Amino acid sequence: MRRALLLGATALCLVVFAAADTQPGRQEDKSPPEDGVLQLRKGHFNRVLRRHKQLLVHFYAPLSGQGHQVLAAIEGAAAELQGSEVKLAVIDVTKEKDLAKELNVTGQPEIKLFLSGDKHNPVECPIPQSSASILTWLRRRVGSATNLIAALSQSEASEELTVVGFFKELNHELVQVFYAAAIDLPDVRFPVTQDHRVISKYGLTHDVVLLLKKSKLIQAYKMMPQTSKEELIIFITVYQMDPVTEYTGKTATQILTSPVLNHALLFVSESSADFEEIYSAFNSAADAFRLKILFVWVNVDEPRNGRLMEYFRVRAFEAPLVRLVNLTDHVTYHLPSDTLDVQTIKKFCQSYMEGKAKPKMQSEPIPEGWDKEPVKELVGTTLKKVAFNPDKTVFVLFYLPYSQRSRALFPLWEELAEALKEREDVVVARIDASANDINMSMQGSHPSLCLFPALHAERVVFYSGKRKLKDLMKFVDTEMEKAKKDRVKEDEDRREYIEAIKAEEAKKASETKDEL
């Protein structure tokens, strides 16, 4: 009888647990179906991670055009890898923000390979152009340089760029550098050969990398003991592109992900009478700066280039013109000439490389009532005057109006301004970084939060903490305390300097009086 009661109680518990598992609140903790590409969520990520030896995850945003292209590549690769130990999955970062933050996802699209259940040390996967790119990357990751040995008859005649490594010894360290570059560039063919007939055909020696297209030698690179993978990748990606690349939807990713961070942009109308002449001059100048400056031309007649033109504050009627920009600090330089010939363009680029070119300052008109609201609206012409006020602590949000990440900070910035509005020594402001050139070094991409302490020295402190009101308030108070101590020393130095000047002037006046 007692055993029957125990069995009944056990059965009842099983029924209760089963019912609990079907409650709506527990649905997201269930593992996703195993067929095809997995759609992962925070509730079951760890469980899925433990289940698969290799989990390749694509982090994407639904509204991203590039994200859809990568998603198609992921789906194609998943079909090819059916039954293997590699499982492909996707995570919508707009829905799984906490999970993306936990996994250190900083942008999208982004692809990470998690190995043996370790979520802290994933391998970064290059953004693929196709499913074949993913398969090639996975294969090269676990292979070796010997897998690249191949006959070159078909590769030499290929329409696509082929990177051929000719090495005397296949166990040399240079071959490992070559193979490491091949892993990071899965969209490019990387055959290795020891056939002396190939190298003699191009009049070169061993330990050299050849870039071939349609059996034509595009460029050769002599491998040296100090050659790094990064240097080789820069060389390949630069010469994979033409000296001048047109900015289009297809080339945008290639341009923006180029390891060459200095970009020269020619804004010109393709239908203009002098287009061929200007383009020819720009193209000729480009050859002198390969590996240093990436040359790009933008057709101002193309409506789809509107956003890029808006970013650089270029209007179609202003073309032709040339701008130089570094993608690290986003400072823009304008070629100060109406003549766009080879020598003028080369001289401008050379002055930029030597640090002699002056940045172009652009500014929106000062808005009416810009300082009447809790959040002050700054522009290029008012930024320096307001930010570097020695008697005010100024906290500025540098934003991009078309960025969702920037707009998401607006309510928090208003809240911060309201919390500090009674403190006359603190100013909370914002500035459109796309409409106003910022003549100062910025860290990372926008939105950026920068505090300017109340000092005579032009100091900028970048905020990288949590985007919460209490954290922002604490940061302001901490920096103000630091600035007060620095200000005491600064005022003392200034006082000593002024006294020294007065003493020097008094001495000169006394000497002059004695002479008279």
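State yes or no: is A408 farther than 19 Å from D477 by Cβ, of a type in the set (G, A, S) and either modelled with pLDDT of 95 or more or open to solvent by less than 20 Å² (accessible area, probe 1.4 Å) (or both)?
Here the answer is no, as A408 does not meet what is asked.
For the subset of region 112-132 comprising residues that are of a type in the set (A, V, I, L, M, F, W, C) and in contact with a helix residue (DSSP H, G or I) (Cβ under 7 Å, 6 or more places away or on another chain), which member is nearest to G43 (Cα to Cα)?
Here the residue is F114.
Residues being of a type in the set (G, A, S) and either crowded, with 16+ Cβ neighbours inside 10 Å or on the phi < 0 side of the Ramachandran plot (or both): count how many of those fall in region 364-391.
Of the residues in region 364-391, 2 are of a type in the set (G, A, S) and either crowded, with 16+ Cβ neighbours inside 10 Å or on the phi < 0 side of the Ramachandran plot (or both).
In contact with a Cys (Cβ under 6 Å, 6 or more places away or on another chain) and crowded, with 19+ Cβ neighbours inside 10 Å: which single residue out of V396, V460, V426 fits that description?
Testing whether each residue is in contact with a Cys (Cβ under 6 Å, 6 or more places away or on another chain) and crowded, with 19+ Cβ neighbours inside 10 Å leaves just V396.
Considering only region 263-278, state which residues are closer than 21 Å to F289 by Cβ and outside any helix (DSSP H, G or I).
Passing the criteria: H263, A264, L265, L266, F267, V268.
Would you please name the residue that is farthest from S284 (Cα to Cα), looking only at residues in region 339-363 that are in a loop (DSSP other than H, G, I, E, B) and open to solvent by 70 Å² or more (accessible area, probe 1.4 Å)?
M361
Condition (residue is assigned to a strand (DSSP E or B) and of a type in the set (F, W, Y)) applied to region 132-143: is it met by at least one residue?
Within region 132-143, none of the residues are assigned to a strand (DSSP E or B) and of a type in the set (F, W, Y).
Do the conditions hold for V386, that is, is it hydrophobic (A, V, I, L, M, F, W, C), within 21 Å of V460 (Cα to Cα), touching a helix residue (DSSP H, G or I) at 6+ places or on another chain (Cβ under 6 Å) and not in a loop (DSSP other than H, G, I, E, B)?
no
Can you name the residue in region 320-338 that is among the hydroxyl-bearing types (S, T, Y) and open to solvent by less than 60 Å² (accessible area, probe 1.4 Å) and is also nearest to L308 (Cα to Cα) among such residues?
Filtering region 320-338 for residues that are among the hydroxyl-bearing types (S, T, Y) and open to solvent by less than 60 Å² (accessible area, probe 1.4 Å), the one nearest to L308 (Cα to Cα) comes out as T332.
Between D477, D471, D491, D514, which is open to solvent by less than 100 Å² (accessible area, probe 1.4 Å) and modelled with pLDDT under 90?
After ruling out the rest, the residue left standing is D491.
Could you go through region 283-301 and let me know if any residue there is assigned to a helix (DSSP H, G or I), surrounded by fewer than 16 Cβ atoms within 10 Å (Cβ to Cβ) and modelled with pLDDT of 90 or more.
Yes, because at least one residue in region 283-301 is assigned to a helix (DSSP H, G or I), surrounded by fewer than 16 Cβ atoms within 10 Å (Cβ to Cβ) and modelled with pLDDT of 90 or more.
The values are calculated or read from the model by the stated rules, or taken from the named source; none is laboratory data. This structure is a prediction, so every number in the text was calculated from the model and none was measured. With ideal geometry, Cβ positions are generated from the backbone for all residues, glycine too; neighbour counts draw on all protein chains shown. When the accessible area is computed, the model is the full protein with side chains, heavy atoms only, and any ligands, DNA or RNA have been set aside. Shrake-Rupley method; radii C 1.70, N 1.55, O 1.52, S 1.80 Å.
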